[in-house]
1. At pLDDT 95 or above and under 16 Å from the mean Cα position of the chain (by Cα): is that true of Gln168 in this structure?
2. Applying the selection to segment 270-308, what residues are in contact with a strand residue (DSSP E or B) (Cβ under 6 Å, 6 or more places away or on another chain) and free of Cβ contacts under 8 Å to residues at least 40 places away in the same chain?
3. Got a sec? Which strands (runs of 3 or more DSSP E) wholly within segment 90-192 have at least 1 residues that are of a type in the set (Asp, Glu) and surrounded by 19 or more Cβ atoms within 10 Å (Cβ to Cβ)?
4. Residues in segment 244-256: is at least one at pLDDT below 95 and either touching a Lys or Arg at 6+ places or on another chain (Cβ under 7 Å) or under 30 Å from Ser185 (Cα atoms) (or both)?
5. For Ile229, indicate whether it is under 17 Å from the mean Cα position of the chain (by Cα) and β-branched (Val, Ile, Thr).
6. Are any of the residues in segment 261-281 modelled with pLDDT of 95 or more, surrounded by 17 or more Cβ atoms within 10 Å (Cβ to Cβ) and in contact with a helix residue (DSSP H, G or I) (Cβ under 6 Å, 6 or more places away or on another chain)?
Amino acid sequence: MPGSTGSVQQVMKYMSLPLKRVALRLAHLPQLARSVQVRVPMRFGRVAQDVAGAVFDHHNAVRARELTSARQRIENPKPLVPNGPHILKDQGATVQLVDVQELRSIEHRDPTGVTVIMPCIDTHMGTAAAALLAKRAGMRCTILIVEDTLRQGFIRTLNDAAARLSVQYVVYLAQDAYPGRKWLSSAYEVMEQSGHGLLGFNDGKFRGRIAGFGMVRTEWVKSLYGGPILYPGYHSHGADNELTVISRALNQYTYEPDCTLVEIDPESESTPSKREDSKLFRERYVRCFNGLAPPEPLVAMAKEYKIRAPIMGRPPCRALRADVSRLC
């Protein structure tokens, strides 16, 4: 075993074992030996403590460098689309893969442009989907694949990514999206002509009732939540329902069947929404989403979204009188 701290530090640089665990065991070895009445040579005890000290020093130095590097990335954010190994370009569409933990170190500004955000846990699937999205977009855009290494969920990952953007439109979709030809250019033209805040793609599933995949005008959606694209109180379901309902109530919604972005996920048909998400949606609905939507159109849409309680003190319509005393 090495006898000097300097040589120990050189060895520690190449160790793959958990450093703190090794250090703690070595540091307590002499005391453990005494507790069980085993004699440990004095020289071995000193070396063990030297190794422990070297391990701690090395660990602290590495951690300090990581913190310094992270601070520099936050203070000096890089453009979203640098020249890197995870870049694809196809007909003006640029694709980049970013770890969710690196989002705070990047930024992207394109005041008249479109950014597509794809929260992703399967990068192979996500990259393949993004390549086809780029090929069929029909216009210039940035497609950002955000790998959710923290497993924090679709909604939070989407909102974290959107916070680093300054663009006119954001498209939110998942790694299982399959685009029709000119899916994005068609949607862009519709949004420019309508002036609306949200477009729901034809996902082959909801027929416009819910914008499961959507295109939002960032200026409009920021007027709702102050920054997030989807309401952050939901865990995995319900946020797209809420955004769709609010936009419909405010006459800010467009559904265009020719803008095709199909969801291909066989498992989703057998996966129910989380109970807490469904409950939150119902509670926010009957309270007009904290005043973000007027009550009259919400009453008219209540049956469609399976809401049976009165809306903000308004009496329910005839079809809803069976259950007005409680949230369903």
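1. Values: at pLDDT 95 or above: yes; under 16 Å from the mean Cα position of the chain (by Cα): no.
Considered against the rule, which asks whether it is at pLDDT 95 or above and under 16 Å from the mean Cα position of the chain (by Cα), Gln168 comes out as no.
2. Pro295, Val299, listed by residue number.
3. On the way: elements: 93-99, 106-120, 141-147, 165-172, 177-179.
Those strands (runs of 3 or more DSSP E) span 141-147.
4. Going residue by residue through segment 244-256, those that are at pLDDT below 95 are 256.
Next cut, either touching a Lys or Arg at 6+ places or on another chain (Cβ under 7 Å) or under 30 Å from Ser185 (Cα atoms) (or both) only: 256.
Yes - at least one qualifying residue is present in segment 244-256.
5. Values: under 17 Å from the mean Cα position of the chain (by Cα): yes; β-branched (Val, Ile, Thr): yes.
Yes.
6. Checked segment 261-281: at least one residue is modelled with pLDDT of 95 or more, surrounded by 17 or more Cβ atoms within 10 Å (Cβ to Cβ) and in contact with a helix residue (DSSP H, G or I) (Cβ under 6 Å, 6 or more places away or on another chain).
Rundown of residues vs (1) surrounded by fewer than 22 Cβ atoms within 10 Å (Cβ to Cβ); (2) of a type in the set (Phe, Trp, Tyr); (3) in the same structural domain as Thr127 (by TED's automatic domain parsing), yes/no style:
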{"position": "Phe201", "(1), (2), (3)": "no, yes, yes"}
{"position": "Gly204", "(1), (2), (3)": "yes, no, yes"}
{"position": "Ser223", "(1), (2), (3)": "yes, no, yes"}
{"position": "Gly227", "(1), (2), (3)": "yes, no, yes"}
{"position": "Asn241", "(1), (2), (3)": "no, no, yes"}
{"position": "Ile246", "(1), (2), (3)": "no, no, yes"}
{"position": "Ala249", "(1), (2), (3)": "yes, no, yes"}
{"position": "Tyr255", "(1), (2), (3)": "yes, yes, yes"}
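The values are calculated or read from the model by the stated rules, or taken from the named source; none is laboratory data. What you see is a predicted model, and the numbers here were worked out from it, not measured in a lab. Cβ sites come from the backbone with ideal geometry, for glycine too, and all protein chains shown count toward neighbours.
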